[in-house]
Amino acid sequence: MTAINAVTDLTTQDGIAVLTVNSPPVNALSAAVRQGVLAGIETAGKDPSVQAIVLTCAGRTFIAGADITEFGKPMVEPSLHAVIKGIEASPKLVVAAIHGTALGGGLETALGCHYRVAVPSAKLGLPEVKLGLLPGAGGTQRLPRVVGAAQALEMVTSGTPVGARQAAERGLVDALAPEDGLLAFAVEYAREAVADGKPLRKIRDMNVQAEPGLFDTFRKANARKFRGYEAPERNIQCIEAAVSQPFDEGEQTERRLFMELMTGTQSAAQRHLFFAEREAQKIPGLPKGTVVRQIRKVGIIGAGTMGGGISMNFLSAGYAVTIVEANEKALERGVGIMRGNYENTAKKGRLTQEQVERNMGLLTASMAFEDLAECDLVIEAVFENMQIKKEIFGRLDQIVRQGAILASNTSYLDIDEIAASTKRPQDVCGMHFFSPANVMRLLEVVKGEHTAPDVLETVMQLSRRIGKVAVVAGVCHGFIGNRMLEPRQREANKLILEGAMPWDVDRVIYDFGFPMGPFQMADLAGLDIGWSAETSKGVTLRDQLCERDRRGQKTRSGFYDYNEKREQTPSPIVEELILRASAERQIKRRRIDDQEILERCIYTMINEGARILEEGKAYRASDIDMVWLTGYGFPAYRGGPMFYADTVGTRHVVERLRAYQASSETDFAPSDYLLKVAEEGRGFSSGK
């Protein structure tokens, strides 16, 4: 064995050179890996005893992609382009032996090889679009030459990997190897290829064509999904170049478009979120040696929409769940809805019937609190009523075993007050799931004053196992997400009294990149949430709409009118009610432009986010961004509200808030922390 460098070795097996990359944990394409691969290919290529080369990787995966820690840093030679061209130009046949994942630059490297073999469990893909980028080392030019333009379009614009069997059907993989015999298979494949006189097949020399109208049809079909994003369109343009240009020209097009994205704000925003998701898992100041608690059995109180959805998260992850409900019919209905959700997923091919039965077999439905006694974690998911929650936690304190974690799915209420109803406040925390809980990725983990470090760490680790992105929040009204939502909703409601209409506000927020505006969201959720006909005073616009049975999409009327397809149109009734409300409040209506709508809705959120940081209710600005990305639909290509503040400039945000404060009775005063960040001329991403 010859050590090429610290991360690559070269051995020879009866004329077949085996070049092995061993750079844990995922063999990312660092400078050392690039140097080692190129040097190994060159060394083997010059060795007269070598007939062919197998490129393989140690550990759990083939090259899983670029080393993104090198993004934004000076380039260290050789470039990935040079490595791939070195492989492609090798005088000896090169076979890539793929296991685990071959993603991004890893798949581009494999495409530079003359042949590819893979184990059936392997996955191959070009996920750069998820970072606001495109494959920058010839991937957009080689891939369509192998799988065709249509398949390449799907792969580069979705970023979703394909399994090895599917890759073999498409020609991306030349042969499937046994799961436990990849290297031996690859060596024998290379030996037989040489014996059979197989050519040194270079993908760059292959031609690719596209069906007439393919690109226009694809753009139209995906217009809604790609809305606002730059990277999908640039990826499409690269595939077009592969069809219409010679390989070298296509590579130049790819490089030009790659650099446009790499130096743009959208990719910076999406890369920021990539790191933010990983950073959110880290708990500052966690005592060394903290041992997490064992969670085997989970209890859920409440079989309504939230309780059922929360239960499904744990059932799907293989946890035994006991769900308790006081009302027998509600319990039966809740369990039925859970089964129905699983059955619908199975009909779509995303679950087998066996998996449906396995999940439901882990569920115990009960009307007795005593059945929660041996649970390791109990999550309360009942109405947002402090008295009810305190009574429940008082009962749990008497029933559930010592050392179990007691959590509330509250979205606003004081966790410390809830914890005070027990004799073990150290075991209490908030676990705020978002609806629908079995779909939404966000989980706000609320750290109370007495919440023990091992409780917090246990819940954070557990969140990953149930497929959630967890963010720690401190105790305050609304925590992170809902607390920041309040000023946006306040300004939206003020704007329609001052001169805008709901559809104006919604259009601006939608165009900014949210899936819907605040009034569309209210109609979807239902205007009567928390509203009562008995207590309604007809003062607010919402009261007046509900009193007219305009309660949102479910009644085909709310802020908008809806047809049977739930398509919305502006409502003249709502417009009349708004004009009347403005007159009654003696508000002189004026023309409000889109910029004012955007700034008042978004900049007030940013200001509230700064207050949250100032008060220590969030560990990091990037945690706030993750809350808004995964729970509220903030556009990923803008990086979250705090990153967006950095993009437009914190000084600019301060200036605009002060301008609105000067002409309004509302408190637009910039927070002390926002002022500090602006005065220091930095952004939130360089601070907390």
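Is it the case that some residue within the stretch 343-363 is out of contact with any Ser or Thr (no Cβ under 6 Å at 6 or more places or on another chain), buried (at least 16 other Cβ atoms within 10 Å of the Cβ), at pLDDT 95 or above and under 30 Å from Ala452 (Cβ atoms)? Yes, that holds for at least one residue. Please verify whether the stretch 414-432 includes one or more residues that are farther than 21 Å from Leu485 by Cβ, acidic (Asp, Glu), in the same structural domain as Ile310 (by TED's automatic domain parsing) and buried (at least 22 other Cβ atoms within 10 Å of the Cβ). Yes, that holds for at least one residue.
Considering each of Ala492, Ala533, Ala500 in turn, give the residue that is in a loop (DSSP other than H, G, I, E, B) and closer than 25 Å to Phe634 by Cα. Steps first, please.
Numbers: Ala492 fails: in a loop (DSSP other than H, G, I, E, B); Ala533 fails: closer than 25 Å to Phe634 by Cα.
Going through Ala492, Ala533, Ala500 in turn, just one is in a loop (DSSP other than H, G, I, E, B) and closer than 25 Å to Phe634 by Cα: Ala500.
Kindly indicate whether any position in the stretch 113-129 is under 29 Å from the mean Cα position of the chain (by Cα), under 28 Å from Ser158 (Cβ atoms) and either surrounded by fewer than 19 Cβ atoms within 10 Å (Cβ to Cβ) or not assigned by TED's automatic domain parsing to the domain that holds Arg227 (or both).
So the first thing to find is which residues in the stretch 113-129 are under 29 Å from the mean Cα position of the chain (by Cα), and the list is 118-129.
Narrowing further to those that are under 28 Å from Ser158 (Cβ atoms): 118-129.
From what is left, the residues that are either surrounded by fewer than 19 Cβ atoms within 10 Å (Cβ to Cβ) or not assigned by TED's automatic domain parsing to the domain that holds Arg227 (or both) are 120-121.
Looking through the stretch 113-129, at least one residue is under 29 Å from the mean Cα position of the chain (by Cα), under 28 Å from Ser158 (Cβ atoms) and either surrounded by fewer than 19 Cβ atoms within 10 Å (Cβ to Cβ) or not assigned by TED's automatic domain parsing to the domain that holds Arg227 (or both).
Applying the condition of being surrounded by 15 or more Cβ atoms within 10 Å (Cβ to Cβ) and not in a loop (DSSP other than H, G, I, E, B) to the stretch 71-83 and asking which residue is nearest to the chain's Cα centre (by Cα) yields Leu80.
Of the residues Arg271, Arg293, Arg219, which is in a loop (DSSP other than H, G, I, E, B) and either surrounded by 14 or more Cβ atoms within 10 Å (Cβ to Cβ) or touching a strand residue (DSSP E or B) at 6+ places or on another chain (Cβ under 6 Å) (or both)? First the steps, then the outcome.
Working: Arg271 fails: in a loop (DSSP other than H, G, I, E, B); Arg219 fails: in a loop (DSSP other than H, G, I, E, B).
That would be Arg293, the only listed residue that is in a loop (DSSP other than H, G, I, E, B) and either surrounded by 14 or more Cβ atoms within 10 Å (Cβ to Cβ) or touching a strand residue (DSSP E or B) at 6+ places or on another chain (Cβ under 6 Å) (or both).
Gln237 meets the conditions (1) in a helix (DSSP H, G or I); (2) modelled with pLDDT of 95 or more; (3) not assigned by TED's automatic domain parsing to the domain that holds Glu108 in every case but one. The failed one is (3). All conditions in (1) modelled with pLDDT of 95 or more; (2) outside any strand (DSSP E or B) hold for Gly136, with the sole exception of (1). The combined condition, being basic (Lys, Arg), in contact (Cβ under 8 Å) with a residue 12 or more places away in the chain and touching an Asp or Glu at 6+ places or on another chain (Cβ under 9 Å), is fulfilled by Arg116. Looking at the stretch 31-70, which of its residues are more than 25 Å from the chain's Cα centre (by Cα) and assigned to a loop (DSSP other than H, G, I, E, B)? Passing the criteria: Asp47, Pro48, Ser49, Val50, Gln51, Ala58, Gly59.
For the stretch 130-148, the set of residues classified as out of contact with any Asp or Glu (no Cβ under 8 Å at 6 or more places or on another chain) and either over 16 Å from Ala66 (Cα atoms) or surrounded by fewer than 22 Cβ atoms within 10 Å (Cβ to Cβ) (or both) consists of Lys130, Leu143, Pro144, Arg145, Val146, Val147, Gly148, listed by residue number.
So which of Gly100, Gly148 ends up being small (Gly, Ala, Ser) and in contact with a strand residue (DSSP E or B) (Cβ under 8 Å, 6 or more places away or on another chain)? Before the answer, list the steps.
Details: Gly148 fails: in contact with a strand residue (DSSP E or B) (Cβ under 8 Å, 6 or more places away or on another chain).
Exactly one residue qualifies, and that residue is Gly100.
Here the helices (runs of 4 or more DSSP H) wholly within the stretch 581-688 that include at least 1 residues being under 21 Å from the mean Cα position of the chain (by Cα) and surrounded by fewer than 19 Cβ atoms within 10 Å (Cβ to Cβ) are 641-648.
Yes or no: Met642 without any contact (Cβ under 8 Å) to a residue 60 or more places away in the chain and closer than 17 Å to Gly513 by Cβ? Full working, then the answer.
Details: without any contact (Cβ under 8 Å) to a residue 60 or more places away in the chain: yes; closer than 17 Å to Gly513 by Cβ: yes.
In short, yes.
Does the stretch 394-403 contain at least one residue that is surrounded by 19 or more Cβ atoms within 10 Å (Cβ to Cβ) and within 26 Å of Glu277 (Cα to Cα)? Please lay out each step first, then the result.
Going through the stretch 394-403, the residues surrounded by 19 or more Cβ atoms within 10 Å (Cβ to Cβ) turn out to be 396, 400.
Going one step further and asking which of them are within 26 Å of Glu277 (Cα to Cα), we end up with none.
No.
The values are calculated or read from the model by the stated rules, or taken from the named source; none is laboratory data. Owing to the predicted nature of the structure, the values given are computational and were not obtained by experimental measurement. Counting neighbours? That spans all protein chains shown, and the Cβs are built from the backbone with ideal geometry, glycine included.
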